[in-house]
Amino acid sequence: MFGKLSWSAIPFDQPIPLITSLIIVVVVLGVLIYTAVKGWWPYIWREWITTVDHKRIGIMYCLLGVLMLIRGFADAIMMRTQQAVAINAPGYLPAEHYNQIFSAHGTIMIFFAAMPLVIGFMNFVMPLQLGVRDVAFPTLNSVSFWLTASGALLVNVSLFIGEFARTGWLPYPPLSEAAYSPGVGVDYYLWAVQISGIGTMMTGINFVTTVLKLRCTGMGYFRMPMFCWTTLASSLIIVAVFPILTATLAMLTLDRYFGFHFFTSDAGGNPMMFMNLIWAWGHPEVYILVLPAFGIFSEIFSTFSGKPLFGYRSMVAATLFICVVSMMTWLHHFFTMGAGAAVNTAFGISTSIIAVGTGVKIYNWIFTMYGGRVRFDTPMLWSLGFIFTFVIGGMTGVLLAVPPADFIVHNSMFLVAHFHNVIVGGVVFALFAGLEYWFPKAFGFRLHEGWGKTAFWFALIGFWVTFTPLYIVGMAGMTRRLQHLDVEGWRPYMQVALIGVGILIIGAICQVIQLVVSIVQREKLRDVTGDPWDGRSLEWATPSPAPFFNFAVTPNVEGEEPYWGIKQKAIESQVLSPEPDYQPIEMPVNSGVGFYTAFFASVTGFALIWHIWWLAVLGLIGAFIAFVVLAWRDVHEYEVPAEIVAKVDRARRAAREAFLERVEREGRLAS
Amino acid sequence: MSDLERHYDSAPGDEPQDSPGHWVRTYLLGLGFATILTIASFWIAAAHPIWGPAVPVALIVLAIAQMGVHLVFFLHVTTGPDNTNNVLALAFGVMVVALVVLGSIWIMDHLNQNMMPTDQQMQM
Amino acid sequence: MSNVDFPASVEAIRRRREEPGQAGHHDHGGPVAGAGHGDTGPATKRIIVGYGFWIFLLSDIVMFSCFFATYAVLQHATAGGPGIRQIVELPRVEWETAFLLMSSFTCGLSFAATNARNVLWTQIFLVITGLLGLGFVLLEVQEFIGLTQQGIIPQRSGFLTGFFSLVGTHGLHVSAGLLWLGTMLAQVQVKGFRREIVHRLICFNLFWHALDIVWVGIFTIVYLLGSIG
């Protein structure tokens, strides 16, 4: 009746997951009940759960990403602690549990922290920068988010019902096959990633179509902000490679559920094919993450140097170059699997070549700063920290690209340090920089500068104190994923790394304090004009927070850096452009289909994991019905009356006029 | 947004300004070519009218040709200026497919060659 | 702080006033109409929907290519069981190919009727398309059942896994297409040629033709190349 599910699925005998689960359940229930008592549910349902507004969906993605970042960080703390004490000793985490922790850490960080955060940023910023009101398929956008949330839910449910995979974040066969992982752990992984992967796939299609077909008048390709180019490139990679992930995980699922022989070690299966296919996805995946990060830095470097981005066209070329070549390097993840010298050499060369694209970008960012008036606000600090950190991480990557060198450090702590170096230095730093930069646009007030800078320094120093020892022990021969160590000489390095984690924890706390302080002081930090950083692209033409329709009148772009031109003209002539003729606007209606589809997807996923077949069928039928109900609706859009548009826009114009007067008074522009 | 037909950009498979007669004619041509290519494929595979080792090559060429016929006559993916985005997207997709299929075959072939023969492996 | 002080803007104005020779950025002036590069604003919904679906189809083809690649890698892994030569039935494949190709043709005719806003002929050709597609699926199901009854099942070997999965994934797509076709028939009947319905018919057309393109790959690589061994 309930498949494999029984009371023994709850980890009564393991204190750590049990207590963690209890705390999470109490907190979540508490939040849900408090919300109900305060009567907030109608508002949340109407304005957030069923929204199709790209800005709100972007914020929800980021919220999901931050929550999962905390969970992934907690896993990391546990691992560092274990490795610092378990030297010629058992430590406090038994092997079956430790293996789940490192698997969950990687899975959560990549699929449910980094991807949602990056997608959240692209969602929020890109339509604003393109001068349009929303993405190409707003309802699909909502479905994408909720499917991602469904996957995140399943991973977290595995904490207190059942177990998680013990195979690492990419479940290599034969270990991940039913013969050697008979429990539900790998199934949790498969369904969580598969469901959220569908959501990501749809996001990729949505963004490619938006950037290519939905820009405002006058915005030709070479007038797009750099962040939109990187959004396009990243989304093209998503569209190209997520099908590979879907297919490969489906094959493993068929092996596990139906006894097929794709990757089994008997009857003609080929486990190596899994590694080949999964990395054909896995390598482009990291470029999906890092290209938008590069885009964020392009925006920040030009804004905070007061100069246009240096070498815009070469940046575009480098971005597209990286987009294409990223799909030609994947074998460097398994040089040691034995493809031989010819194959290894070819991929070693392609891996080294792709560094050229990034090199072009780094030089362009540096030359952007040169000759500019650089302001060292928090976003700029994160960007400078990125240059330093990422370049070193990239260099260790080029070292790993040399097959003979890789034979020595493959799957060692050197590798672990390398990829954290580039992901943290590249993606995470970008996310914090972007958070500081675009927070006012999303919420109407800036974040506290002092706490922001403090958090940055703790993060930068903490990162290097944590990972430098890992580089060293990696070179000395320590492999990854060790539940205990046998080499006494590595103890000081593990301890230094643990101190680094402590510094990172302080940085995280500073980040939280920054948020709390900013909310308390929000009136003082209010962004009145909508352009707190002297920005250059169209999102800064809107008020903060941006109105739900983004622009009262979609802009007509006449040059590169579209907003910059408008601003200079206004400052010079000391008047705003004349008030436009306000027309009613058509906006898409909200829809619950995303939430319902994800609800049924979660039910189906859970049922499939536990082999509760009747429930799985019901869930699929429910999802299909939700879909058909959406397809049958008659009303897709509603009209926003011109009076409302006018009212919102006149408030914006009043704020801008006040700014012009201030510049006139204090900006020494007397002609 | 007005309902103007944009004559410099069209979705794949969609030629809204085509007359029904033109549309049907295109489809008939496509069906004709596809049928000829299909019959040719089956015939070559069954009757071996050409030199043996050339048969697989011929079959693949005919398959690619037929895919082209489908793309041009059924999907209207041509090289006109209104189709640039569609063609670029197709080219991108073809590149990825080639990388995945040919890359995988190349890699797996090398890996398999270097695998220890199963009779010398440990029996687990 | 940054909110009040706009140093870069102020600086830029100053530079323009005092050093008029430094033009700064080159630019080509106003938007170029009709250039087909999206300069003239967002595309129509018809194009957006069609293009988005085209991108989805390309991603689906990438997914199929993974199954093709796996089939190619596993095609000799017969584990002592039957190989492709033993299970190919060319006459059946000929019928399946004929059905699918004709259904692609009738699908295109149905869209011609849609463009001409003719509900009757749209429905007629859609029904014919559906019947031909159903014929294809039934032939394939018959093939699978026949094989299974002889003990030739995907669980037997890597090769059979690859075969059943590649052909089966295509068959599943065709079946899903038939489900979609049924829904479209109902929607055209109830709602007529509303804008969204026409957009969905564009998408269905693309989908159905793409499935035929994939089938060309399958009958060539799996069945024809398999039959010559």
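Could you check the range A:321-346 and list, in sequence order, the residues that are among the aromatic types (F, W, Y) and either in contact (Cβ under 8 Å) with a residue 40 or more places away in the chain or on the phi > 0 side of the Ramachandran plot (or both)? Outline the logic, then answer.
The first filter runs over the range A:321-346 and keeps only residues among the aromatic types (F, W, Y), leaving A:321, A:330, A:334-335.
Passing the criteria: A:W330, A:F334, A:F335.
Somewhere in the range B:79-90, is a residue of a type in the set (D, E, K, R) and within 30 Å of A:K213 (Cβ to Cβ)? Before the answer, list the steps.
Restricting attention to the range B:79-90, the residues satisfying the condition of being of a type in the set (D, E, K, R) are B:82.
Filter again for within 30 Å of A:K213 (Cβ to Cβ), leaving B:82.
Yes.
Residue by residue, here is whether (1) touching an Asp or Glu at 6+ places or on another chain (Cβ under 9 Å); (2) under 25 Å from C:F56 (Cα atoms); (3) modelled with pLDDT of 95 or more; (4) within 8 Å of chain C (Cβ to nearest Cβ) holds:
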| residue | (1), (2), (3), (4) |
| --- | --- |
| B:D14 | no, yes, no, yes |
| B:G21 | no, no, no, no |
| B:G32 | no, no, yes, no |
| B:A47 | no, no, no, no |
| B:M67 | no, yes, yes, yes |
| B:V72 | no, yes, no, no |
| B:V77 | no, yes, no, no |
| B:F92 | no, yes, yes, yes |
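Output yes when any residue across the range A:8-21 is under 30 Å from A:V135 (Cα atoms) and in a loop (DSSP other than H, G, I, E, B), and no when none is. Before the answer, list the steps.
Of all residues in the range A:8-21, those under 30 Å from A:V135 (Cα atoms) come to none.
Looking through the range A:8-21, none of the residues is under 30 Å from A:V135 (Cα atoms) and in a loop (DSSP other than H, G, I, E, B).
Do any residues in the range A:641-665 that are in a helix (DSSP H, G or I) have Cβ atoms under 6 Å from those of residues that are of a type in the set (G, A, S) and buried (at least 16 other Cβ atoms within 10 Å of the Cβ), where the two are at least six apart or on different chains, and which pairs are they?
Note: pairs meeting the criteria are A:V645/A:A552; A:D649/A:A552.
Yes/no matrix, rows are residues, columns are (1) of a type in the set (S, T, Y); (2) closer than 17 Å to C:T129 by Cβ; (3) at pLDDT 95 or above:
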position	(1), (2), (3)
C:I152	no, no, yes
C:F164	no, no, yes
C:T169	yes, no, yes
C:H173	no, yes, yes
C:L181	no, yes, yes
C:A186	no, yes, no
C:K191	no, no, no
C:H199	no, no, no
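Does A:I101 qualify as being more than 21 Å from A:W146 (Cβ to Cβ) and either of a type in the set (V, I, T) or outside any helix (DSSP H, G or I) (or both)? Show your work before the answer.
Working: more than 21 Å from A:W146 (Cβ to Cβ): yes; either of a type in the set (V, I, T) or outside any helix (DSSP H, G or I) (or both): yes.
Criteria met by A:I101.
With the requirement that a residue be free of Cβ contacts under 8 Å to residues at least 60 places away in the same chain, farther than 24 Å from C:L109 by Cα and buried (at least 19 other Cβ atoms within 10 Å of the Cβ), what does the range B:59-88 give you?
B:L59, B:L62
In the range B:38-58, how many are aliphatic (A, V, I, L, M) and crowded, with 21+ Cβ neighbours inside 10 Å? Spell out the reasoning first.
Of the range B:38-58, the ones aliphatic (A, V, I, L, M) are B:39-40, B:44-47, B:50, B:54-55, B:57-58.
Now narrow it down to the ones that are crowded, with 21+ Cβ neighbours inside 10 Å: B:45.
Total satisfying the criteria: 1.
Given the conditions (1) in contact with a helix residue (DSSP H, G or I) (Cβ under 7 Å, 6 or more places away or on another chain); (2) at pLDDT 95 or above; (3) outside any helix (DSSP H, G or I), which single one is not true for A:S591?
(2)
Please indicate, with yes or no, whether at least one residue in the range A:509-517 is modelled with pLDDT of 95 or more, touching a helix residue (DSSP H, G or I) at 6+ places or on another chain (Cβ under 7 Å) and polar (S, T, N, Q). I'd like the intermediate steps shown before the answer.
Here is the first cut: in the range A:509-517, the ones modelled with pLDDT of 95 or more are A:509-517.
Pick out the ones that are also touching a helix residue (DSSP H, G or I) at 6+ places or on another chain (Cβ under 7 Å) and you get A:510-511, A:513-514, A:517.
Narrowing the set further to residues that are polar (S, T, N, Q) leaves A:511, A:514.
The answer is yes; a qualifying residue exists.
Listed residues C:L206, C:L178, C:L225, C:L201; which is closer than 30 Å to A:V635 by Cα and at the interface with chain B (Cβ under 9 Å from one of its Cβ atoms)? Walk me through how you get there before you give the answer.
Details: C:L178 fails: at the interface with chain B (Cβ under 9 Å from one of its Cβ atoms); C:L225 fails: closer than 30 Å to A:V635 by Cα; C:L201 fails: at the interface with chain B (Cβ under 9 Å from one of its Cβ atoms).
After ruling out the rest, the residue left standing is C:L206.
Restricting attention to the range A:623-640, which residues are of a type in the set (V, I, T) and assigned to a helix (DSSP H, G or I)? Let's see the steps before the verdict.
Applying the first criterion (of a type in the set (V, I, T)) to the range A:623-640 yields A:625, A:628-629, A:635, A:640.
A:I625, A:V628, A:V629 - these are the residues of the range A:623-640 that are of a type in the set (V, I, T) and assigned to a helix (DSSP H, G or I).
Is it the case that C:E96 is crowded, with 17+ Cβ neighbours inside 10 Å, acidic (D, E) and either closer than 24 Å to C:I218 by Cα or in contact with a strand residue (DSSP E or B) (Cβ under 7 Å, 6 or more places away or on another chain) (or both)?
Values: crowded, with 17+ Cβ neighbours inside 10 Å: yes; acidic (D, E): yes; either closer than 24 Å to C:I218 by Cα or in contact with a strand residue (DSSP E or B) (Cβ under 7 Å, 6 or more places away or on another chain) (or both): yes.
Judged against the criteria, C:E96 is a match.
Does B:I36 satisfy the condition of being at pLDDT 90 or above and either assigned by TED's automatic domain parsing to the domain that holds B:V97 or over 18 Å from the mean Cα position of the chain (by Cα) (or both)? Explain how you work it out, then say what you get.
Numbers: at pLDDT 90 or above: yes; either assigned by TED's automatic domain parsing to the domain that holds B:V97 or over 18 Å from the mean Cα position of the chain (by Cα) (or both): no.
So B:I36 does not fit the description; no.
Of everything in the range A:556-572, what is buried (at least 22 other Cβ atoms within 10 Å of the Cβ) and in contact with a strand residue (DSSP E or B) (Cβ under 8 Å, 6 or more places away or on another chain)? Give them in sequence order.
The one that is buried (at least 22 other Cβ atoms within 10 Å of the Cβ) and in contact with a strand residue (DSSP E or B) (Cβ under 8 Å, 6 or more places away or on another chain): A:V557.
From (1) in a loop (DSSP other than H, G, I, E, B); (2) of a type in the set (K, R); (3) within 12 Å of another protein chain (Cβ to nearest Cβ), pick out the condition that doesn't hold for A:K567.
Only one criterion is unmet by A:K567, namely (1).
Could you list, in sequence order, all residues of the range A:29-53 that are part of a helix (DSSP H, G or I) and under 25 Å from A:N123 (Cβ atoms)?
Looking only at the range A:29-53, we keep the residues that are part of a helix (DSSP H, G or I), and these are A:29-38, A:41-49.
Answer for the range A:29-53, where residues must be part of a helix (DSSP H, G or I) and under 25 Å from A:N123 (Cβ atoms): A:V31, A:T35, A:W41, A:P42, A:Y43, A:I44, A:W45, A:R46, A:E47, A:W48, A:I49.
So is A:L620 surrounded by 17 or more Cβ atoms within 10 Å (Cβ to Cβ), in a helix (DSSP H, G or I) and either at pLDDT below 90 or within 14 Å of another protein chain (Cβ to nearest Cβ) (or both) or not?
Working: surrounded by 17 or more Cβ atoms within 10 Å (Cβ to Cβ): no; in a helix (DSSP H, G or I): yes; either at pLDDT below 90 or within 14 Å of another protein chain (Cβ to nearest Cβ) (or both): yes.
When the stated conditions are applied, A:L620 does not pass them.
The values are calculated or read from the model by the stated rules, or taken from the named source; none is laboratory data. Please read these numbers as outputs of a predicted model, since none were measured by experiment. Positions of Cβ are backbone-derived with ideal geometry, glycine not excepted, and every protein chain shown enters the neighbour counts.
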